[in-house]
Amino acid sequence: MLPILFIVVGLGEAAKITLITIGVAPVVVRDLAMRTAELPNEQIIKAQTLGASTWQLVIRVVLPQMWPRLIDALRLVLGSAWLFLIAAEAIASTEGLGYRIFLVRRYLAMDVILPYVAWITLLAFTMDWLLRLLRAKAFAWASIGA
Amino acid sequence: MTQVTIKHLWKEFGSQVVLENVNLHVDDHEFVTIVGASGCGKTTFLKMLLGIEHPSRGSFLIDGEPLPSEPGPDRGIVFQRYSLFPHLTVMNNLLLGLELHESRILGRLFGARHRRAVARARQLLEAVGLQASADKYPAQLSGGMQQRLSIAQSVICEPKILLLDEPFGALDPGITSDMHTLILKLWNMNKMTIFMVTHDLQEGFALGTRVLVFDKVRVDSQAPEAFGATITFNIPLKGHRSAA
């Protein structure tokens, strides 16, 4: 699949982004679909008795409750997103952390590789922390214990 | 005027008969309480009124019109739980009904219309005693406060019929009597018809202008699902309205 991808979208940033999206989106989509199905039926019926149309149900009841779930899903797939990024960079790229690691791999230059690994860890951790912060600030209601 | 007329109503799930031959006429501005053993079809009856279950046979008319096939704004509902929206504050939970009515596409109001809606919601918040909690989220409220909000949320849409499915079943006995006063007050303010399912016989008689008892008339011990429940007692209570 990877060769086809690189033939279609080339070797630049677009290829990396496409690979990460293809790798991660199914999990996120499945997770959100399941969370949506978990919404209590009573809520949907209640909204209908308040006069909600299908469209209004989506924009006022379902989507607003899915944003924090989306952030949770992103935090969960962050690990695999990094794996996909490094894989893409290792195979077909001329820049990036993954590319450099694979470049010096053949010399077993651990003094170069280990700092890169540390960088990746730090970046991933920061992204996770930022997402958690965003969830707590923007969707305070979701953090209130029910 | 809201009149509910039910003639020869049957409800079956496959071979299981839940309700058989139910006949009923309910006038405008009645408070109908529904009692009965569990599994006797009280909740199924309420679901039919709500529009999420449909009669197998017989006619179910509101003001001479067949019951709509989906829940709609003319019939409000208060469930025992889960009928508030956790992502909205108390005020926004209350505003939601008005916003959905007046803004079909965005579902939100702005400017002068928003201020008018807020003023109206504030009145109702005061009536149910939640004005101090307007900016809290439902998860921060006690069970009794949540139910008061849920009732107010339905009432703000001025439904012709309000359906209550054991609304006070999960509350402390002390709070329940406050809730009774509140629901009678709202019922008199809005001139709606109320159907309330309860397992508490005393509550049923204390609140209702009409008490319906659902029970099975015939039981076949070999095939318990062969016969359904029906209204075995239909007790009109007089002199209640003036007292309320």
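The values are calculated or read from the model by the stated rules, or taken from the named source; none is laboratory data. Not measured: the values here are computed from a predicted model. Please note: Cβ atoms are built from the backbone with ideal geometry, for glycine as well, and neighbour counts cover all protein chains shown.
Numbers for the structure displayed
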item: Per-region count, the range B:36-46, residues more than 14 Å from chain A (Cβ to nearest Cβ) and under 11 Å from B:Asp165 (Cα atoms); result: 3
item: Leading residue by the ranking (nearest to the chain's Cα centre (by Cα)) among those in the range A:1-44 that are closer than 30 Å to B:Ser83 by Cβ, hydrophobic (A, V, I, L, M, F, W, C) and in a helix (DSSP H, G or I); result: A:Val28
item: Count of residues meeting criterion [within 13 Å of chain A (Cβ to nearest Cβ) and modelled with pLDDT under 85] in the range B:54-72; result: 4
item: Residues that are surrounded by fewer than 12 Cβ atoms within 10 Å (Cβ to Cβ) and within 23 Å of B:Gln146 (Cβ to Cβ), drawn from the range A:1-48; result: A:Glu38, A:Asn41
item: All positions within the range B:33-74 that are without any contact (Cβ under 8 Å) to a residue 12 or more places away in the chain and closer than 19 Å to B:Thr232 by Cβ; result: B:Gly39
item: Those residues of the range B:190-204 which are within 13 Å of B:Glu30 (Cα to Cα) and of a type in the set (A, V, I, L, M, F, W, C), in sequence order; result: B:Met192, B:Ile194, B:Phe195, B:Met196
item: The one condition in (1) part of a helix (DSSP H, G or I); (2) closer than 20 Å to B:Pro236 by Cα that B:Ile175 fails to fulfil; result: (2)
item: 1 or more residues within 12 Å of B:Val197 (Cα to Cα): qualifying strands (runs of 3 or more DSSP E) within the range B:11-93; result: B:31-36, B:75-78
item: Hits in the range B:137-153 (condition: touching a residue at least 40 places away in the same chain (Cβ under 8 Å) and surrounded by 17 or more Cβ atoms within 10 Å (Cβ to Cβ)); result: B:Tyr137, B:Pro138, B:Leu141, B:Gln146, B:Gln147, B:Leu149, B:Ser150, B:Ile151, B:Ala152, B:Gln153
item: Residue match in the range B:105-116 (condition: under 24 Å from A:Leu39 (Cβ atoms), at the interface with another protein chain (Cβ under 9 Å from one of its Cβ atoms) and at pLDDT 85 or above); result: no
item: Condition met for A:Val61 (of a type in the set (A, V, I, L, M), in contact (Cβ under 8 Å) with a residue 12 or more places away in the chain, more than 10 Å from every other protein chain (Cβ to nearest Cβ) and part of a helix (DSSP H, G or I)); result: no
item: Any pair with Cβ under 8 angstrom, 6 or more apart, that starts in the range A:93-107 at a residue that is in contact (Cβ under 8 Å) with a residue 24 or more places away in the chain and ends at one that is surrounded by 16 or more Cβ atoms within 10 Å (Cβ to Cβ) and of a type outside the set (S, T, N, Q); result: A:Ser93/A:Ala15; A:Ser93/A:Lys16; A:Ser93/A:Tyr99; A:Gly96/A:Lys16; A:Gly96/A:Leu85; A:Gly96/A:Glu89
item: Some residue of the range B:128-144 being more than 13 Å from chain A (Cβ to nearest Cβ) and closer than 16 Å to B:Leu207 by Cα; result: no
item: Single unsatisfied condition, B:Leu49 versus (1) more than 14 Å from chain A (Cβ to nearest Cβ); (2) within 17 Å of B:Lys160 (Cβ to Cβ); (3) buried (at least 19 other Cβ atoms within 10 Å of the Cβ); result: (1)
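Yes/no matrix, rows are residues, columns are (1) at positive phi; (2) among the charged types (D, E, K, R); (3) within 14 Å of chain B (Cβ to nearest Cβ); (4) more than 19 Å from the chain's Cα centre (by Cα):
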position: A:Trp55; (1), (2), (3), (4): no, no, yes, yes
position: A:Met66; (1), (2), (3), (4): no, no, yes, no
position: A:Leu78; (1), (2), (3), (4): no, no, no, no
position: A:Ala81; (1), (2), (3), (4): no, no, no, no
position: A:Ile91; (1), (2), (3), (4): no, no, no, yes
position: A:Arg106; (1), (2), (3), (4): no, yes, no, yes
position: A:Ala109; (1), (2), (3), (4): no, no, no, yes
